[in-house]
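Here, each number is a calculation from the coordinates, and none is a lab measurement. None of the values given here were measured: they were computed from a predicted structure. Neighbour counts are summed over all protein chains in view; Cβ atoms, including those assigned to glycine, are modelled from backbone coordinates with ideal geometry.
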Amino acid sequence: MRVVIKNGHVIDPSQGIDGVCDLVLEDGKIKEVKSEKSKGKGQRHEDNRGTKEIDASGKLILPGLVDLHVHLREPGYEYKETIRTGTTAAIRGGITSVCCMPNTNPVNDNSSVTEFILKKAASEGACRVLPIGAITKGQKGEELAEMSIMREAGCVAFSDDGRPVTDSLMMRRAMEYSRILKVPLISHCEDLALSAGGVMHEGLLSVTLGLKGIPSQAEEVIVARDIALAELTGGRLHIAHVSTEGSVALIRSAKKRGIADVTAETCPHYFSITEEAVGNYDANAKVNPPLRSRKDVEAIKQGLHDGTIDVIATDHAPHHRDEKLGEFDFAPSGISGLETSLGLSMRLVDEGVLTYSGLVEKMALKPSGIIGIDRGTLRPGAEADVVVVDCSREYRVDAREFLSKGKNTPFGGWTLSAKPVLTISLGRIHEWE
Amino acid sequence: MSKVLLNKEDIGRIITRMAHEVIEKNKGVSSLCLIGIQRGGVHLAGRLAARLEEIGGQNIPVGALDIALYRDDIAVRKEQPVVRRTEVPFEINNEKVVLVDDVLFTGRSIRAAMDAVMDFGRPSAIQLAVLVDRGHRELPIKADFVGKNVPTSIDETVKVEFEEDGLEDRVVLEWV
Amino acid sequence: MGLKSKDLIGIKALDAADIEQILDTAAGFKDVLGRDIKKVPALRGKTTVNLFYEPSTRTRTSFELAAKRLSTDVINFSVSTSSVVKGESLRDTALTIQALGADFIIVRHSCSGVAHFLANNLDASVVNAGDGTNEHPTQALLDLFTIREKKGVIRGLEVAIVGDILHSRVAKSNIYALKKMGAGVRLVGPPTLVPDVLKDLDVEIYSDMDRGLKDVDIVMMLRIQVERQGKGFFPTTVEYFRNWGLTPERLSMAKKSALVMHPGPMNRGVEISSDVADGMRSVILDQVTNGLAVRMAVLYLLAGVKG
């Protein structure tokens, strides 16, 4: 099948393209990107056999986004989300490759679970699913999981996300060992003793709300530790969900000194809202790491701008509606982020923090590079993962319209202006109003 | 629009006359006590008691009673009625209580005042003294001592002002 | 004039005028409590539910008595024996109570924010009797009533609050209330229990109790939970008492006319010596009496706020 997407504004940093082009897809791959200049040259296709034409005037064309940090909840927590509903929500958000974290039930710490996930994804997934395996068995932090066997089964990275690897010696060994795998260890940086019992950012607001706080330093001490261990071991470290000014400074310094192979990600909520979103105990704003202060938000944006932070990932964490009602202390942490990620991240372009190309780098190209997959690009020969985005009209975020089972978002009622209207993934075309 | 019904001198004479009526009906001032209903009846009770003491030569106990908590219209009013001080620093058991209010209208305030007084004790009798009776009773209540009968229409207002509040002593009829 | 919200969730939502109105109304109710018949028919026919997830004898009985003296019907929802133990969610419990026709729900819970949750989800008037470490508004109101009664004013007084401020909902409600009414506030205690960030609320912070109590008009002592000593907040109660316990010597740093307050129950010998607790300057028992009048005033005023 041949698809031609005409007159869209193509952004492809992998080829240095940022302009109006036609995009030609054939049999599930990118055929060519025809710029204004090159149109009219070369062969004309006389036969329109099976050509679908899509008019994308006034719209952006991006490579399908790659999300390094998603909780699909299956197996074990299907009441919160399934591989089917999660991937459907992903493509709605313009995301065509999803890396799913192993904190399922059972934990993805062996190849059987990895194979289960891949099998489910093959039959029910709306986009590509790339499992992330656990670093330690059961994510308990005591014994290494069979990372090599899981790598063969299809895992693209390893993480105990949801939890840190608390024992420093264990983390050292894991980093050393992982060098044979040539994939990163993704670290959820949190000192559990410092954060114990905490439910929001520690500061004046947590004291006046009577909620136990998590100080920024709970994240920063482990960021510093993991950078030091990466230096010691030569392992590849990717720091998950960076949320504080101090963490950004540590990562910036490490990169400047060139002491370790470190990459870092942040999530849209850490550059869009602050701890004030908790308001009057709104558990939709309860997330781990917590929403921080204005200062931290500015530092995250600066980190994205100067390249300290390489990737924007969602940390999509859907929960059942009932779980977020009631006592704030008992609500599980997490924001359902797949369907708001692009809209929130596009605001960074509006604010001048990133260019369009920079945005695509953070959300598609760089993540692909980190896990070593050939995505995030519209190079001829690459998979036809494409998203068409309409930035011309505004829309209100309404969680009831989410395709994800998780309606837990603090962004309800926000006005955003970047809406995917067409996503091509796994050879299928999905269109929305 | 308004009209002054009673001025300072009128009020003074009326209070004197009412004091004599109280003494006449009760055959003296013994076992007598006055309780003024917040807010309008409090100053009036004070003055009536003073006159009774002059004439009767005996100390008359005077108290103030807040009836907000006994009203029958708490559920329907726009705002909660303000709760004021209640000071009844004397025994009322077996005493004759004269309730004092400035204006008698529907009679509901008096009903509430009687319930409140009953919660204080068991008086031997309750009598009612008012400065102005403006008619339109909704309950079977009658004043024993009336300063002036003023027939009014339902949309008129009778305002009583006292020096103790920083105003001039007078009774005013107001209408739109 | 009237309260603006159907609920009393915390002092944070009140302004000085609201606080004045509650205190003035409480004065009227204190008169009622001085009579032989301490009951008035004002809220006859209304139903009050006491929903106490945390055990409490004094606060619960104070609210129960206040509700009864206003002639409401009172139901005590005892959580330890109820459906909550069977796993019923907070929301379901609340909706059940509402279906029973409650007009007032007095709630105490160990999680901050529960009173807010109930207020937002129920038509009934919700009164916060203490939620987690957030607020305990009626305690602060009765404390202010006691201060006003004894001192005549609140504005311009210097009040020292001593103890575990971090975990004390009583302390927080008092800080907000005293600041709104124009008093100066000092917080005294070990650095582990007095968060520095509170300076932003325009209060002074002291770890030296002698300096903290110098020339204050009111000393408000907070209960120290003995369990905190295992967790690194302070080494032992002996050391705590040495540094921050209220003894007659320490009290002499305050003004001669200073009053000693405590929300109760007291840990004698841990935060306060018996000499001081039973001494002339203690108004601790007055606080209890005033609590009843203040709670009656709160219920009465909330009943007047229409949906």
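Just a few scattered comments:
- Distances between placed amide hydrogens fall under 5 Å for residue C:111 paired with C:132, all partners being 5 or more residues away or on another chain.
- Going from the residue with the fewest nearby Cβ atoms within 10 Å to the one with the most, A:391, A:189 rank A:391, A:189.
- Whole-Hz ³J(HN,Hα) from phi, Karplus 6.51 cos²θ - 1.76 cosθ + 1.60, for the range C:260-266, glycine and proline x: 10, 10, 7, x, x, x, 8
- Using θ = phi - 60° and Karplus 6.51 cos²θ - 1.76 cosθ + 1.60, couplings along the range A:159-174 (whole Hz; Gly, Pro as x): 7, 9, 3, x, 9, x, 8, 6, 6, 4, 5, 4, 5, 4, 4, 4
- Helix A:111-124 and the longest principal axis of the Cα set of chain A meet at an angle near 40°.
- Most fluctuating residue given options A:335, A:54, A:309, as computed from a GNM of chain A linking Cα atoms under 10 Å: A:54
- The mean number of Cβ atoms from other chains found within 10 Å of a Cβ in peptide C:18-29 is 2, as a whole number.
- For the range B:125-169, applying the loop criterion from DSSP together with a ceiling of 14 other beta carbons within 10 Å to the trypsin sites (Lys or Arg not before Pro) yields B:142.
- For the residues of B:77-88, the average number of beta carbons from a partner chain within 10 Å of their own beta carbon is 6.
- Here chain C yields Rg over Rh of 0.97, to two decimals, using C-alpha coordinates and the Kirkwood radius.
- Relative contact order of chain B, defined on C-alpha pairs under 8 angstrom at six or more residues apart (%): 25 percent
- Trypsin sites (Lys or Arg not before Pro) lying in DSSP loop within the range A:135-207, provided at most 11 other Cβ fall within 10 Å: A:182
- Taking all Cα-Cα distances within the range C:1-132, those exceeding 22 Å account for 39%.
- At 0.890 mPa s and 25 °C, Stokes D of the range C:209-307 from Kirkwood alpha-carbon radius, µm² per second: 162 µm²/s
- In Hz, Karplus ³J(HN,Hα) per residue of the range A:414-428 (6.51, -1.76, 1.60; θ = phi - 60°; x = Gly, Pro): 5, 9, 10, 9, 10, 10, x, 10, 8, 10, 10, 8, 6, x, 10
- The range C:1-73 - Rg (one decimal) and Dmax (whole number), Cα, Å: 13.8, 37
- Once C-alpha pairs closer than 8 Å and six or more residues apart are averaged by separation and normalised to the residue number of chain A, the relative contact order reads 19 percent.
- When C:22, B:154 are sorted by how many other C-beta atoms sit within 10 angstrom of their C-beta, beginning with the fewest, the order is B:154, C:22.
- Within chain A, all pairs of alpha-carbon atoms sorted by distance into 10 Å bins from zero give the percentages 5, 22, 33, 26, 11, 3, 1, 0.
- Dipole of the range C:137-283 computed with +1 at Lys/Arg Cβ and -1 at Asp/Glu Cβ about the Cα centre; of C:177, C:233, C:216, farthest Cα towards the positive end is C:177.
- Normalised by the number of residues in the range C:94-184, the average gap of Cα pairs under 8 Å and 6 or more apart makes the relative contact order 25 percent.
- P(r), alpha carbons of the protein assembly as shown - 20 Å bins starting at zero, rounded %: 13, 32, 27, 17, 9, 2, 0
- Three semi-axes describe the equivalent ellipsoid of the range B:1-153; taken as square roots of 5 times the Cα gyration tensor eigenvalues and ordered largest first, they are 23, 21, 13 Å.
- Acute angle (nearest 10 degrees) that the helix A:216-233 long axis makes with the longest principal axis of chain A, alpha-carbon atoms: 80 degrees
- Under the Debye formula (equal points on every Cα, no solvent term), log10 I(q)/I(0) of the range B:27-116 at q = 0.24, 0.25 Å⁻¹: -1.24, -1.31
- When the range B:96-158 is reduced to its Cα atoms, the Kirkwood hydrodynamic radius in Å: 12.2 Å
- Proximity of backbone amide H atoms, modeled 1.01 Å from N, is registered between residue A:286 and A:334 at under 5 Å, excluding neighbours fewer than 5 places apart on the same chain.
- Taken over the range C:137-283, the alpha-carbon convex hull comes to 95 cubic angstrom per residue.
- Between the Cα long axis of helix C:284-303 and the first principal axis of chain C there is an angle of about 30°, rounded to the nearest 10.
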